[in-house]
Amino acid sequence: MTTALRLIQRIKGREARIGVVGLGYAGLPLALRFAECGFAVSGFDVDGEKVTAINAGQSPIHGIADGRVAAARIEAHEEFAAAHECDAILICVPTPVGPHKEPILEPVRQTLASLAPHLRPGQAIALESTTYPGTTEEFVLPALAKAGLRVGKDAFALYSPEREDPGNPDGTFGKVPKLVAGATPECLEVGLALYGAATPHLVPMSSLAAAELTKLYENVFRAVNIGLVNELKRISHALDIDVHEVIDAAQTKPFGFMPFRPGPGLGGHCIPVDPYYLAWKARELGVPSDFVELAGRVNDAMPRYVIGRLRDALDVRGVALRGARVLLLGLAYKPGVPDTRESPAIEIFRLLEERQARVAYHDPLVPRFPATRRLHGQAPDLESQPLTPALLEAQDAVLIVTPQPGIDFAMVREHAPLVVDTRGVYRDAAVRVSGADALQLEMRGDFPSAAIPAYHRVIQA
Ligand SMILES: NC(=O)c1ccc[n+]([C@@H]2O[C@H](COP(=O)([O-])OP(=O)(O)OC[C@H]3O[C@@H](n4cnc5c(N)ncnc54)[C@H](O)[C@@H]3O)[C@@H](O)[C@H]2O)c1
């Protein structure tokens, strides 16, 4: 019997042990799902706190219940020796970009170096991290060859990208179709058996690079469309048209249109980052990637645009941005998660500090302002403020960056002197650009702020 068939039999009989490297937003749900499908699972992570939490049956990831982690009985490790026992090892480590938007594959390199002494015949290694086409071939195949393993005969190389949507119970492994590619037909056969044991929806692909490119295309598609709708928002503001009305209307077309919503910029580990992996590869190939780069530029410009809208709205009220009290609502990059990676709120905070505004924030899921790359690894000494009428009334402006669940937006509108809404929370009530002129007229009459009707206190940005 071939090594591939033996491994497939071990998978089908649930005798195989699954290893997952990187127990974060992508890796932990994957590990849990395999455990829930009857496999013994080992987890590996360089973050000792995560390892300790998982071994104690506690979830280190918001939205994943402790009980689920406790029931799965994943054996988590900081060291890699137990990788030797694993029949399949799935790599879910970060793939960020550097200061010049170049791919940083150090975590993948490090993982393979840590695994090297523990590789043996009969194992499958699957890369799940998002990356440029060619990565699995450049990194995983040489690691197997170095260990003296023949790919497709002794060991099996796969690429199968994560398609996790944190905070969305339907956007997780087991519910979302899974792309699977192998370095050889035998590898693909092993890959289909492996993932097929934990999810019913498989999409076999003809090559590793095609699967790598598919994942990037999916995320570039989002980045480009968000860039487009953010540009449309700026044009709409200049035309005094509500962009949300336009999107709602366009959405009634039953074919050839998919709605995207504008916002304060892009956030998270994927959409602001992954497109640059494609752009980088295209540059290497000497092929243009104009859409990708343009979307990046448009989306990266949004925090400055929002600050401009805020400054104009304050000006109308005779308040300078310098020294103004500004409350940020929502630090996370999207509603329902505590994840602040690449969140536009961080850049907005930085720009406000630079302009010497007095900034506070409220985010029910982010109790302390985190240290981030954009702030040179420093964490501002700020805690989430309880959202009360008194807090709102003490501000010059409230800037909605991320509408976290549980925020009482009716109270915000009632008590904040000015609300700058980047997400269309109040899209039916918002005053648009020329609304600011109307407001100015009203202000010239020296009305006290409380006399301004609540709907005049909201502008879209
Ligand atoms: N977060 C998402 O929604 C999402 C969705 C789809 C794909 N992805 C992709 O999945 C990959 C992982 O992203 P994530 O969001 O899960 O990141 P994450 O930061 O939440 O988790 C990654 C984990 O890997 C660990 N790690 C880093 N270097 C390691 C090493 N050398 N050895 C062992 N562990 C190491 C970290 O400590 C961390 O716990 C990325 O390529 C990302 O693009 C993420």
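For the stretch 314-341, what are the residues that are within 16 Å of the ligand (Cβ to nearest atom) and in contact with a helix residue (DSSP H, G or I) (Cβ under 8 Å, 6 or more places away or on another chain)?
Filtering the stretch 314-341 for residues within 16 Å of the ligand (Cβ to nearest atom) gives 332-341.
Across the stretch 314-341, the qualifying residues are A332, Y333, T340.
Kindly indicate which of A83, A53, A76, A88 is away from the ligand (no atom under 14 Å from the Cβ) and either touching a Phe, Trp or Tyr at 6+ places or on another chain (Cβ under 8 Å) or among the hydrophobic types (A, V, I, L, M, F, W, C) (or both). Outline the logic, then answer.
On the way: A83 fails: away from the ligand (no atom under 14 Å from the Cβ); A53 fails: away from the ligand (no atom under 14 Å from the Cβ); A76 fails: away from the ligand (no atom under 14 Å from the Cβ).
Among A83, A53, A76, A88, only A88 is away from the ligand (no atom under 14 Å from the Cβ) and either touching a Phe, Trp or Tyr at 6+ places or on another chain (Cβ under 8 Å) or among the hydrophobic types (A, V, I, L, M, F, W, C) (or both).
Which residue is nearest to the ligand (Cβ to nearest atom), if the candidates are limited to the stretch 273-295 and must be within 13 Å of H100 (Cα to Cα) and in contact (Cβ under 8 Å) with a residue 60 or more places away in the chain?
Among those that are within 13 Å of H100 (Cα to Cα) and in contact (Cβ under 8 Å) with a residue 60 or more places away in the chain, it is V273.
Mind checking which pairs have a first residue in the stretch 327-340 that is among the basic types (K, R) and a second that is open to solvent by less than 20 Å² (accessible area, probe 1.4 Å) and at pLDDT below 95, Cβ under 7 Å, 6 or more apart or different chains?
Listed pairs, sorted by first residue: K334/G267; K334/G268.
For H244, state whether it is at pLDDT below 95, over 19 Å from T402 (Cα atoms) and assigned to a helix (DSSP H, G or I).
Working: at pLDDT below 95: yes; over 19 Å from T402 (Cα atoms): no; assigned to a helix (DSSP H, G or I): yes.
Judged against the criteria, H244 is not a match.
Going residue by residue through the stretch 146-158, is there one that turns out to be in contact with a Phe, Trp or Tyr (Cβ under 6 Å, 6 or more places away or on another chain) and within 25 Å of L28 (Cα to Cα)? Walk me through it before giving the result.
Here is the first cut: in the stretch 146-158, the ones in contact with a Phe, Trp or Tyr (Cβ under 6 Å, 6 or more places away or on another chain) are none.
No: zero hits.
Yes or no: D312 under 27 Å from G227 (Cα atoms), out of contact with any Phe, Trp or Tyr (no Cβ under 8 Å at 6 or more places or on another chain), surrounded by fewer than 18 Cβ atoms within 10 Å (Cβ to Cβ) and in contact (Cβ under 8 Å) with a residue 24 or more places away in the chain? Before the answer, list the steps.
Values: under 27 Å from G227 (Cα atoms): yes; out of contact with any Phe, Trp or Tyr (no Cβ under 8 Å at 6 or more places or on another chain): yes; surrounded by fewer than 18 Cβ atoms within 10 Å (Cβ to Cβ): yes; in contact (Cβ under 8 Å) with a residue 24 or more places away in the chain: yes.
Judged against the criteria, D312 is a match.
Considering only residues of the stretch 230-249 that are β-branched (V, I, T) and open to solvent by less than 40 Å² (accessible area, probe 1.4 Å), which is farthest from L127 (Cα to Cα)?
Here is the first cut: in the stretch 230-249, the ones β-branched (V, I, T) are 235, 241, 243, 246-247.
Pick out the ones that are also open to solvent by less than 40 Å² (accessible area, probe 1.4 Å) and you get 243, 247.
On the way: V243: 40, I247: 38 Å.
Of everything passing the filter in the stretch 230-249, V243 is farthest from L127 (Cα to Cα).
Give the residue that is nearest to P103 (Cα to Cα), with candidates limited to residues of the stretch 151-186 that are more than 15 Å from the ligand (Cβ to nearest atom) and out of contact with any helix residue (DSSP H, G or I) (no Cβ under 8 Å at 6 or more places or on another chain).
T184
Quick one: is V319 at pLDDT 95 or above and among the β-branched types (V, I, T)? Give the derivation first.
Working: at pLDDT 95 or above: yes; among the β-branched types (V, I, T): yes.
It is true that V319 is at pLDDT 95 or above and among the β-branched types (V, I, T).
Out of all the residues in the stretch 267-276, is one or more aromatic (F, W, Y), open to solvent by 50 Å² or more (accessible area, probe 1.4 Å) and assigned to a helix (DSSP H, G or I)? Please lay out each step first, then the result.
Looking only at the stretch 267-276, we keep the residues that are aromatic (F, W, Y), and these are 276.
Of the ones still in play, those that are also open to solvent by 50 Å² or more (accessible area, probe 1.4 Å) are none.
No, because not a single residue in the stretch 267-276 is aromatic (F, W, Y), open to solvent by 50 Å² or more (accessible area, probe 1.4 Å) and assigned to a helix (DSSP H, G or I).
Sort out which residues of the stretch 96-130 are under 23 Å from N219 (Cβ atoms), open to solvent by less than 20 Å² (accessible area, probe 1.4 Å), in contact with a strand residue (DSSP E or B) (Cβ under 7 Å, 6 or more places away or on another chain) and within 11 Å of the ligand (Cβ to nearest atom), and write them in order of number.
Of everything in the stretch 96-130, those that are under 23 Å from N219 (Cβ atoms), open to solvent by less than 20 Å² (accessible area, probe 1.4 Å), in contact with a strand residue (DSSP E or B) (Cβ under 7 Å, 6 or more places away or on another chain) and within 11 Å of the ligand (Cβ to nearest atom) turn out to be V108, T111, L127, E128, S129.
Quick one: which of L329, L351, L391 is open to solvent by less than 20 Å² (accessible area, probe 1.4 Å) and out of contact with any His (no Cβ under 6 Å at 6 or more places or on another chain)?
Details: L329 fails: out of contact with any His (no Cβ under 6 Å at 6 or more places or on another chain); L391 fails: open to solvent by less than 20 Å² (accessible area, probe 1.4 Å).
From the options L329, L351, L391, the qualifying one is L351.
I'm told V298 meets every condition in (1) within 16 Å of the ligand (Cβ to nearest atom); (2) open to solvent by 20 Å² or more (accessible area, probe 1.4 Å); (3) of a type outside the set (S, T, Y) except one. Can you identify the failing condition by its number?
(1)
Tally the residues that are surrounded by fewer than 24 Cβ atoms within 10 Å (Cβ to Cβ) and within 15 Å of the ligand (Cβ to nearest atom), restricting the search to the stretch 135-149.
3
Sort through A211, A249, A223 and tell me the only one that's in contact with a strand residue (DSSP E or B) (Cβ under 6 Å, 6 or more places away or on another chain) and not polar (S, T, N, Q).
Details: A249 fails: in contact with a strand residue (DSSP E or B) (Cβ under 6 Å, 6 or more places away or on another chain); A223 fails: in contact with a strand residue (DSSP E or B) (Cβ under 6 Å, 6 or more places away or on another chain).
When all the criteria are applied, what remains is A211.
For residues that are of a type in the set (S, T, N, Q) and over 18 Å from the mean Cα position of the chain (by Cα), scanning just the stretch 177-229, find the one that is surrounded by the most Cβ atoms within 10 Å (Cβ to Cβ).
Here is the first cut: in the stretch 177-229, the residues of a type in the set (S, T, N, Q) are 184, 199, 206-207, 214, 219, 225.
Checking which are over 18 Å from the mean Cα position of the chain (by Cα) leaves us with 184, 199, 206-207.
Values: T184: 15, T199: 19, S206: 10, S207: 16.
Ranking the candidates gives T199 first.
So P335 clears everything in (1) closer than 30 Å to L391 by Cα; (2) open to solvent by less than 50 Å² (accessible area, probe 1.4 Å) except one condition, right? Which one?
The one condition P335 does not meet is (2).
Does L32 satisfy the condition of being over 25 Å from T184 (Cβ atoms), more than 11 Å from the ligand (Cβ to nearest atom) and aliphatic (A, V, I, L, M)? Lay out the reasoning, then the answer.
On the way: over 25 Å from T184 (Cβ atoms): yes; more than 11 Å from the ligand (Cβ to nearest atom): yes; aliphatic (A, V, I, L, M): yes.
Criteria met by L32.
The values are calculated or read from the model by the stated rules, or taken from the named source; none is laboratory data. As the structure is a computational prediction, the values presented were derived from the model and not from experiment. Every residue, glycine as well, gets a Cβ built from its backbone with ideal geometry; the counts of neighbours run over all protein chains shown. Just the protein is used for accessible areas: all its heavy atoms, side chains included, with ligands, DNA and RNA removed. Shrake-Rupley method; radii C 1.70, N 1.55, O 1.52, S 1.80 Å.
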